[in-house]
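The values are calculated or read from the model by the stated rules, or taken from the named source; none is laboratory data. All values reported here derive from a predicted model rather than from experimental measurement. When we count neighbours, we look across all protein chains shown, and the Cβ atoms used for this are built from the backbone with ideal geometry, even at glycine. Surface accessibility is based on the protein's heavy atoms, side chains included, excluding ligands, DNA and RNA. Shrake-Rupley method; radii C 1.70, N 1.55, O 1.52, S 1.80 Å.
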Amino acid sequence: MSSEPPDTTDGRDPAHEPTGKIAVENVQKVFGRIVALENVTLSIRENEILALVGDNGAGKSTLMNVLSGVHEPTSGEIYLDGESVEFDSPESARNRGIETVYQDLALMDDLDVATNIFMGNFPATEIGPFRSIDWDETYERAEAIIETHLKRDIDPHAEVAFHSGGERQLVAIARALAFDPDIVILDEPTSALSVDATALVRETVRNLRDNGKTIIVVSHSLDEIFQLADRVGVLYQGEIVEVASTDSVTKDDLSSLMVSGERS
């Protein structure tokens, strides 16, 4: 866990400059008459795990979708490595090194692990005008991702249906890693998992950070926040009300911030 002092409540650094691996500056997102995000400023440091928490409707999913290219902000700026960027689709975010693993996983149970990992992104060979999937490379690369990042004995040839809930989550993470992202956004990564599966996923997320990835975790679980994240950002009614290192806040602090926008 980080031992650094808590950030200022609006998430800015002292000079109000967009710093970090990825940052948003005064981002607003409006859907009709509904203001989902209001002047959100937040910086995620390189090679850290930052958690986003908030009550239902606080703006967590909207901010995640802005960062992943699902929604374009109504106003405000997104910065990547200090450079202003625009994402008009998930593909444009992916092209800049951002991948998202959603809560529903979207896995195909009747297909094997390697096929799920590389679906839509298969290694291919070309002979003249013909292009075909290179299955040998597909399985070799899947095995390499599993060994390097997941560090688990998951058979790339086995159907996903035969794996546990925790292993299925790891396959979804591996699918994101197949695009070699710098930033991985995880949407409720341990929701509905057993205790053992939760521990498995959390260890994998830490391994990703140790391997140089920047991780954003959207979660409702305060236990998960304190066991996993270096820092936590709290959203309340579409605004970031505090960003702090997890060793400088308590569960009561976060609960109060989520409910009222203020520490108790």
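A few points about this structure:
- Phi to ³J(HN,Hα) by Karplus 6.51 cos²θ - 1.76 cosθ + 1.60 over the stretch 46-52, Hz, x for Gly, Pro: 5, 6, 10, 9, 10, 9, 10
- Folded to 0 to 90 degrees: helix 251-260 orientation relative to the chain principal axis, Cα: 70
- Low-density loop cleavage sites - GluC sites (Glu not before Pro) in the stretch 29-102, where at most 16 other Cβ are within 10 Å (DSSP): Glu46, Glu86
- Ligands, DNA and RNA are left out, and with a 1.4 angstrom probe the accessible area of the stretch 108-264 is 45 Å² per residue.
- Checking [x] 0.99; [y] 0.93; [z] 1.05 against the coordinates, the calculated Rg/Rh (Cα atoms, Kirkwood Rh) falls under label [x].
- Beyond 19 Å, the tail of the calculated P(r) for the stretch 144-264 holds 51 percent of the Cα pairs.
- Of all stretches in the chain that contain no trypsin sites (Lys or Arg not before Pro) in a DSSP loop with at most 16 other Cβ atoms within 10 Å, the longest one is 34-150.
- Distance violations [Cα-Cα > 24 Å] among Lys21/Lys251; Lys60/Lys251; Lys21/Lys60: Lys21/Lys251
- Cα long-axis angle, helix 165-177 against the chain (0 to 90 degrees, to the nearest 10): 90
- Annotation note: chymotrypsin sites (Phe, Trp or Tyr not before Pro) in the stretch 152-252 located in DSSP loop regions with a Cβ neighbour count of at most 15 within 10 Å are Phe179.
- In this view, the solvent-accessible surface of Asp180, computed with a 1.4 Å probe and all protein chains in place, comes to about 110 Å².
- Counting only aspartates and glutamates at least 8 places from Lys151 when in the same chain, those with an alpha carbon closer than 14 Å to its own are Glu143, Glu167, Glu203, Asp210.
- Extending 7 Å from the Cα toward the beta-carbon at both Glu159 and Ser92 defines two label points whose distance is 4.0 nm.
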